[in-house]
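Sharing a structure here in structure tokens format.
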Amino acid sequence: MAPPVKHHQIVIVGGGAAGITVAAQLLKRNRALDIAIIEPSDKHYYQPGWTLVGGGVAPIEKFIRDEKDVIPKGASWIQARVAKLDPDRNTVITEAGQAIEYEYLVLCPGIQIDWHLIKGLKEALGKGGVTSNYSKEYAPYTWETIQNFKGGNALFTYPATPIKCGGAPQKVMYMADDTFKRKSGVGVNTTVMFCTAGASMFAVPEYAAALDKVVARRGIVTKFKHNLKEIKADTQEAIFDVTTDNGTEEVSIHYDMIHVAPPMSAPDFIKQSPLAGAGGWVDVDKATLQHTRYANVFSLGDASSLPTSKTAAAARKQAPILVQNLLSLIQSQPITEEYDGYTCCPLITGYNSTIMAEFAYGGKLAPSFPLDPTQERYSMYLAKAHVLPWLYWNRMLKGEGFEADIFKPINRLLRR
């Protein structure tokens with residue numbers, strides 16, 4: 001017998017960074033709203049911290065809280081996995097068969113890690129020098145691998161799909177390179193390689209140019225248009241499809257350690273729903289965050305179709321736009337707030353330096369501070385390692401505003 005149907009005014013699918021932030025901001029604006037958050041995990045993770053775990057800066061425990069402790073007061077938590085979306089009936093169906101009806105739907109379930117798309121990866125992970133910071137299970141093993149590395153080929157890969165935190169595959173590489181060079185006999189006997197399916201170090205040319213200087217200074221070998229497709233753990237081979245002028249060719253590179261950024265996609269229940277657009281992402285207007293066909297549906301964060309880098313900072317800037325536009329819809333007012341594509345990727349380039357890569361749609365630089373954003377800075381490393389985690393737990397998840405906005409008027413004055 002199916003459980004009775006539940007009904008809520010607003011249903012938020014996903015209790016991660018985006019979902020909690022939106023719920024907190026909505027309730028700050030109107031405590032009377034009936035909000036339910038559907039989230040299966042009983043733990044909440046500060047995922048940007050996993051890079052710091054893999055680099056030995058902090059233990060994984062620093063970046064974990066109980067989910068119940070971050071659910072905003074006044075919101076209901078439905079601990080369940082979503083199996084199906086039925087927007088024509090304004091209904092979400094859980095894996096247990098529970099039907100949850102909504103008046104308004106906010107989709108932010110995060111991104112799906114497709115480990116299985118790289119042959120042999122799932123079986124190889126967590127041993128033999130094969131690791132990934134894109135999983136809480138393996139981020140500590142990354143640091144163990146880096147510490148115990150004796151020399152040889154250290155590979156760091158980037159896939160052909162959109163991924164969350166596009167700078168993460170590089171960040172751990174630079175910290176690993178620092179560690180290798182501090183150890184007698186290791187640095188000189190190590191070749192660090194960045195093997196990316198992309199054609200450059202970063203999508204924004206100004207930041208790519210800065211990172212070109214970083215890899216050149218460090219002597220890191222770059223392998224562009226190299227898409228990892230298989231791990232052969234028994235022979236320690238990484239197999240790549242390499243795009244050339246004459247088509248695609250298969251290349252094998254020996255590894256002594258390899259950090260893999262796996263392919264990613266929207267969750268299957270999104271891809272299989274009427275709400276998905278091209279590529280399987282939730283099809284929303286890139287300015288208003290409202291669905292292009294279902295007016296009572298909004299989306300933000302990693303699962304959305306928004307053409308910007310998938311980061312917590314992006315979700316934080318998207319949240320107030322979505323909140324205002326959703327409240328306007330509820331009040332039968334015009335939807336006027338627009339998101340400019342802002343995102344931020346703190347690119348750790350060593351244990352004492354970070355490029356705070358902030359940009360908006362079209363790759364437009366969008367620095368929060370009156371400083372050249374393409375430069376490596378110790379102050380930005382301190383912000384990444386210490387300030388941003390504190391802001392996440394104590395301000396972002398509490399629905400507070402974006403701190404760097406106070407610097408925007410100063411920036412505008414200085415640019416005149």
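The values are calculated or read from the model by the stated rules, or taken from the named source; none is laboratory data. Please read all numbers here as calculations on a predicted model, not as lab measurements. Please note: Cβ atoms are built from the backbone with ideal geometry, for glycine as well, and neighbour counts cover all protein chains shown. For the accessible areas, the whole protein counts, side chains as well, though only heavy atoms, and no ligand, DNA or RNA atoms are used. Shrake-Rupley method; radii C 1.70, N 1.55, O 1.52, S 1.80 Å.
Under a Cβ-Cβ cut-off of 15 Å, what is the net charge of the residues other than Lys43 that fall near it, where Lys and Arg count +1 and Asp and Glu count -1?
Values: positive: Lys62, Arg65, Lys68, Arg81, Lys136; negative: Glu39, Asp42, Glu61, Asp66, Glu67, Asp69, Glu137.
After counting each charged neighbour, the total is -2.
As a check on your grasp of the helix formula, calculate [θ] at 222 nm for the chain: sum -39500 (n - 2.57) over DSSP H runs of n ≥ 4, divide by the residue count, round to the nearest 500. Don't skip to the end; give the middle numbers.
Details: 11 runs with 101 residues, N = 416.
Rounded to the nearest 500, it is -7000 deg cm²/dmol.
Related question: Keeping all protein chains in place, calculate the accessible area per residue for the range 299-370 (probe 1.4 angstrom), answer in Å².
Numbers: 2280 Å² over 72 residues.
Accessible surface, normalised per residue, equals 32 Å².
Also, quick follow-up: With every protein chain left in place, what is the accessible area of Tyr45 in Å² (1.4 Å probe, nearest 10)?
50 Å²
Also, quick follow-up: With Cβ to Cβ distances under 10 Å as the rule, what net charge do the other residues near Pro263 carry (K, R +1; D, E -1)?
Details: positive: Lys229; negative: Asp114.
Residues close to Pro263 contribute a combined charge of 0.
Let me ask something else about it. What does the convex hull of the alpha-carbon atoms of the chain project to on average, in nm²? Walk me through the numbers on the way to the answer.
Working: hull surface 86.3 nm².
If I average the Cα hull's projected area over directions, I get 21.6 nm².
Which percent of the accessible area of the range 27-88 is formed by carbon and sulfur heavy atoms (probe 1.4 angstrom)?
C and S atoms contribute 45 percent here.
Right, something else. If we sort 142-148, 384-390 on the protection proxy, mean other Cβ atoms within 10 Å, highest first, what's the order?
On the way: 142-148: 18.6, 384-390: 15.9.
For the peptides 142-148, 384-390, the packing ranking is 142-148, 384-390.
Right, here's the next one. What figure, in Å² to the nearest 10, do you get for the accessible area of Ile335 with a 1.4 Å probe and non-protein molecules left out?
50 Å²
Using the Cα centre as the reference, give the magnitude of the dipole from point charges on the C-beta atoms of the chain (Lys, Arg: +1; Asp, Glu: -1; all else neutral), rounded to the nearest 20 debye. Before the final figure, lay out each step's value.
Working: 44 positive and 41 negative charges, 218 e Å.
Around 1040 debye, computed over the chain.
Another question, if that's okay. Of all accessible surface on the range 242-354 at a 1.4 Å probe, what whole percent is carbon and sulfur?
Numbers: 1850 of 4080 Å².
Reported share for carbon and sulfur atoms: 45 percent.
Contact order normalised by length for the range 40-123, with contacts defined as Cα pairs under 8 Å and 6 or more residues apart; what percent is it? If you can, show how the numbers build up before the last one.
Numbers: 74 pairs, mean separation 15.2, N = 84.
Rounded, it is 18 percent for the range 40-123.
Largest first, what is the accessible-area ranking of Lys398, Lys136 with a 1.4 Å probe? Walk me through the numbers on the way to the answer.
Details: Lys398 105, Lys136 70 Å².
Largest accessible area first, the residues go Lys398, Lys136.
Would you pull out the residues with amide H under 5 Å of Leu125's amide H, same chain only if 5 or more places away, H placed 1.01 Å from N?
When sequence neighbours closer than 5 places are left aside, there are no close amide H contacts.
Still on this structure: Can you work out ³J(HN,Hα) from phi for every residue in the range 282-299, in order, using Karplus 6.51 cos²θ - 1.76 cosθ + 1.60 and θ = phi - 60°, giving whole Hz and x for Gly and Pro?
Values per residue, Gly and Pro as x: 5, 7, 10, 5, 6, 9, 8, 6, 8, 4, 6, 10, 10, 5, 8, 10, 10, 8 Hz.
Could you give the dipole magnitude of the range 1-87 about its Cα centre, charging the beta-carbon of Lys and Arg +1 and that of Asp and Glu -1, in debye to the nearest 20? Don't skip to the answer; put the middle values down first.
Working: 11 positive and 8 negative charges, 46 e Å.
Using Cβ point charges on Lys, Arg, Asp and Glu, the range 1-87 gives about 220 debye.
Could you work out the percent of alpha carbon pairs in the range 273-407 separated by over 22 Å, rounded to a whole number?
Working: 3867 of 9045 pairs.
Tail of P(r) above 22 Å: 43 percent of Cα pairs.
Mind ranking His291, His7 by accessible surface for me, highest first, 1.4 Å probe?
Numbers: His291 10, His7 95 Å².
If we order His291, His7 from most to least accessible, we get His7, His291.
Quote the relative contact order of the range 267-345 in percent (integer), defining contacts as alpha-carbon pairs under 8 Å separated by 6+ residues.
On the way: 128 pairs, mean separation 21.5, N = 79.
It comes to 27 percent, rounded to a whole number.
Determine the distance separating the Cα centre of the range 176-204 from the Cα centre of the range 29-81; give it in Å without decimals.
Result: 33 Å between the Cα centres.
A follow-up question, please. Counting Lys and Arg as +1 and Asp and Glu as -1, what is the net charge of the other residues whose Cβ lies under 10 Å from the Cβ of Lys286?
Values: positive: none; negative: Asp285, Glu338, Asp340.
Overall, the nearby charge balance is -3.
For the range 200-256, max minus min Cα coordinate along each principal axis, in Å, sorted largest first?
Largest first, the range 200-256 extends 39, 29, 14 Å along its Cα principal axes.
Sticking with this one: Just to confirm the number: angle between the C-alpha axis of helix 17-29 and the first principal axis of the chain, 0 to 90 degrees, nearest 10?
Compared with the principal axis, the helix lies near 30 degrees.
Residues with amide H under 5 Å of Asn153's amide H, sequence separation 5 or more or different chain, H placed in the peptide plane at 1.01 Å from N; which?
Those qualifying (amide H under 5 Å, at least 5 residues apart or on another chain) are Thr191, Asp256, Met257.
Answer rounded, prolate or oblate for the range 292-332, using the Cα gyration tensor with square roots of eigenvalues a ≥ b ≥ c: rounded when a/c is under 1.5, else prolate when a/b is larger than b/c, else oblate. Can you show the working numbers first?
Details: a/c = 3.50, a/b = 1.61, b/c = 2.17.
Taking the square roots of the gyration eigenvalues as a ≥ b ≥ c, the range 292-332 is oblate.
Cβ neighbours within 10 Å, averaged per peptide: list 234-246, 202-214 in order, most packed at the top. Write down the numbers at each step before the final one.
On the way: 234-246: 14.2, 202-214: 18.2.
Highest-to-lowest ranking by the protection proxy: 202-214, 234-246.
Normalized C-alpha radius of gyration of the range 1-92, against 2.2 N^0.38 Å? Display every interim value, and only then the final one.
Values: Rg = 15.6 Å, N = 92, 2.2 N^0.38 = 12.3 Å.
So the Cα radius of gyration is 1.27 times the expected 2.2 N^0.38 Å.
Once you keep just the Cα pairs under 8 angstrom separated by 6 or more residues, what percentage relative contact order results for the chain? Please list the in-between numbers first.
Details: 896 pairs, mean separation 71.3, N = 416.
Reported as a whole number, the value is 17 percent.
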